[in-house]
Structures are given as structure tokens and as C-alpha cells.
1. Any idea how many residues of the range 26-50 are crowded, with 20+ Cβ neighbours inside 10 Å and touching a residue at least 40 places away in the same chain (Cβ under 8 Å)?
2. Here are some residues: Asp57, Asp62. Which one is among the charged types (D, E, K, R) and surrounded by 19 or more Cβ atoms within 10 Å (Cβ to Cβ)?
3. Considering only residues of the range 7-19 that are surrounded by fewer than 20 Cβ atoms within 10 Å (Cβ to Cβ) and under 20 Å from Ala125 (Cα atoms), which is modelled with the lowest pLDDT?
4. Could you please find all residues in the range 48-62 being at pLDDT below 95 and farther than 22 Å from Gln91 by Cα?
5. Report the residue count in the range 84-111 for those that are in contact (Cβ under 8 Å) with a residue 40 or more places away in the chain and either over 17 Å from Leu53 (Cβ atoms) or loosely packed, with under 14 Cβ neighbours inside 10 Å (or both).
Amino acid sequence: MTTASAKRVFLVEDDEFLSSMLMNQLAAHNISAERFGDGRTASEALKKDPPHLLILDLFLPDISGFEILEMIRKDEHLKDLPVLVVSNTSQVDDKERVHRLGATFLLKVLVTPQQIAEHAQKMLAA
């Protein structure tokens, strides 16, 4: 059985402060994570060496989180990648689009970085 600590996570978040807090919480939960601050770099890394879980913001420089989700679901090697979307959007259409693309959605203002890390840990254990 593979443990959460043996699994890799990509965190795609352009907010330096929030991503720092999330990286600290992931590490506290023994989750190895790599951070990307823009959509283009994250997309390239996903195609080269996909992680076990993607934590994704929707509003990013270059390529949006929506575009990344669509790319993942169309790619035969990535289509089953679990994605945890953590965003500030409260638009119903955005949430529905995320769910249609097979991702889990959490609203940033309603969860703490610790809760996000705990949710990631559960997704990795599944």
C-alpha cells in the first residue's frame, strides 16, 4: 500500500502567501508537493511527469484552471488524475463546470489551509 507521503502533489496557485501556507500544511501532513505559480508551467509539468493529485486554482496567469482541467480530461494519460479545485469564485456556473470536469471544489474563504491539506490527504488515500 502506498502512503500519502510517497505520493506527489502539484499545487497550482499564483498567490505567494496562500501557496506558502498550503505548502506548509501539506508538509505537516507528510505530503510532498511541488508548487507552480502559473498555468503554463503547471500544464507542461503535468504532461511530463504527472502527480498523484493536483490542487488547482481557477484564476491563473497564462492558462486558467478551467483550461488545465479541460486539457487533463482530454489527455488519455491524465484523464483519471484527481483534482482538488480551491478557488475564490462563488459563481454557480463555475462550480458546476468544475464538477462536470470531474474535480472536487472547495471555496477558499470557507476552508483553512489545514482543511485543504486534510482533504488532499483523504483524496490521496482513496
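The values are calculated or read from the model by the stated rules, or taken from the named source; none is laboratory data. Small disclaimer: the values here were computed from a predicted structure and weren't measured. As a convention, Cβ positions derive from the backbone with ideal geometry for all residues, glycine included, and neighbour counts pool all protein chains shown.
1. Qualifying residue count, the range 26-50: 2.
2. Just one listed residue meets the conditions, Asp57.
3. Step one: filter the range 7-19 for residues surrounded by fewer than 20 Cβ atoms within 10 Å (Cβ to Cβ), giving 7-8, 14-18.
Keeping just the survivors that are under 20 Å from Ala125 (Cα atoms) gives 7-8.
Values: Lys7: 88, Arg8: 93.
This residue is Lys7.
4. The answer is Asp49, and nothing else.
5. At the first step, the residues of the range 84-111 found to be in contact (Cβ under 8 Å) with a residue 40 or more places away in the chain are 86, 98, 103, 108.
Right, trim to either over 17 Å from Leu53 (Cβ atoms) or loosely packed, with under 14 Cβ neighbours inside 10 Å (or both) and you get 108.
Final tally of qualifying residues: 1.
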